[in-house]
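Since the structure comes first, as structure tokens, the remarks are kept for the end.
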Amino acid sequence: MGRRQVSGDARKIARERIVILFARAGQFFPSYSEGSDRCVALARRIAMRHRVRIPRHLRRRYCRRCGAFLVPGVNLRVRIRRGKVVATCLRCRRQRRYCLGRRSNGQTHDT
């Protein structure tokens, strides 16, 4: 039994639905945080089923450990430390680190 083939049209629709679900999660969050977490879970299931990567800007909007939809200042603490961004989920206390990278003119952030 082999893997089933996923068509290009199905992947395109899956990407669109993932973006829509994250937008809905943002709308739900202020009043219904469980609903926003459910939208994130559905988006992740769609991505896994259709073997589609969630875009980077959306991947940083949820916690991989507890599945919470993250909003800076509410359930996400963001700090800059030693040239890296440290994002802490305030529900499960998991920390994720992102490199700030380089500036477009070739200078580093140290200067």
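Okay, here's what the table says:
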{"item": "Selected residue (criterion: modelled with the lowest pLDDT) from residues of the stretch 29-45 that are surrounded by fewer than 17 Cβ atoms within 10 Å (Cβ to Cβ) and not hydroxyl-bearing (Ser, Thr, Tyr)", "result": "PRO30"}
{"item": "Residue that is assigned to a strand (DSSP E or B) and among the hydrophobic types (A, V, I, L, M, F, W, C), where the choices are ALA43, ALA87, ALA23, ALA10", "result": "ALA87"}
{"item": "Residue match in the stretch 80-88 (condition: free of Cβ contacts under 8 Å to residues at least 24 places away in the same chain and within 15 Å of ALA14 (Cβ to Cβ))", "result": "no"}
{"item": "Some residue of the stretch 58-69 being buried (at least 17 other Cβ atoms within 10 Å of the Cβ), assigned to a helix (DSSP H, G or I) and either modelled with pLDDT of 95 or more or in contact with a strand residue (DSSP E or B) (Cβ under 9 Å, 6 or more places away or on another chain) (or both)", "result": "yes"}
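The values are calculated or read from the model by the stated rules, or taken from the named source; none is laboratory data. What you are looking at is a predicted structure, and each value in this text was computed from that prediction instead of being measured. Cβ sites come from the backbone with ideal geometry, for glycine too, and all protein chains shown count toward neighbours.
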